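**Student:** My questions will all concern the structure given below.
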């Protein structure tokens, strides 16, 4: 009784490439997952083909590609490496990922309300806009204290933010004397951003 043709068992031609042989084997093993006899037949056919191919290579009947015969000559391309991030980029990414969106939204609403109060006090004669700045300072202290839980540091950072905000907005006022509402918006925007910067 003649042996079954291993190529027929795998359903491939005799000049099939190695990748095709492997794919056929894997496909048939999945197909016959519950039939152990057929799985053994597929494994045996695969092993038989591999042994035949090895013998043919040894006899010189199959030409082996250079990259297989001389693997040390193969040059592997290194994957492109990302340049290391600069410290400023790292800080920026960490800062963005550490922002609590709900806290940032609540504090933004508070500062928009304080800016509206500032604009109303600046336009009218019944109040001083400095009251709105004082309220903004207390808001900065509150939001920073919620974040860092050290009261004296929250006060220190708040005063520093207030100084920077006043300097920037007053320098804007020198160049744009008619833009009082804009300078107020810049002042409160800087104060709001200061509550986001501290971790």
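**Student:** Kindly indicate whether residue 198 is under 34 Å from the mean Cα position of the chain (by Cα), surrounded by 15 or more Cβ atoms within 10 Å (Cβ to Cβ) and at pLDDT below 80. Show your work before the answer.
**Tutor:** On the way: under 34 Å from the mean Cα position of the chain (by Cα): yes; surrounded by 15 or more Cβ atoms within 10 Å (Cβ to Cβ): yes; at pLDDT below 80: yes.
Criteria met by residue 198.
**Student:** Within the stretch 12-42, take every residue that is in contact with a helix residue (DSSP H, G or I) (Cβ under 6 Å, 6 or more places away or on another chain) and part of a loop (DSSP other than H, G, I, E, B) and give me the one that is surrounded by the most Cβ atoms within 10 Å (Cβ to Cβ).
**Tutor:** Filtering first and then ranking leaves 12.
**Student:** Can you tell me how many residues in the stretch 84-108 are at pLDDT 80 or above and either surrounded by 11 or more Cβ atoms within 10 Å (Cβ to Cβ) or more than 30 Å from residue 183 (Cβ to Cβ) (or both)?
**Tutor:** The total comes to 5.
**Student:** What is the one condition in (1) surrounded by 14 or more Cβ atoms within 10 Å (Cβ to Cβ); (2) at pLDDT 90 or above that residue 47 does not satisfy?
**Tutor:** Answer for residue 47: the failing condition is (1).
The values are calculated or read from the model by the stated rules, or taken from the named source; none is laboratory data. Keep in mind it's a predicted model, so treat the numbers as computed, not measured. No Cβ is skipped: glycine too gets one built from the backbone with ideal geometry, and neighbour counts run over all protein chains shown.
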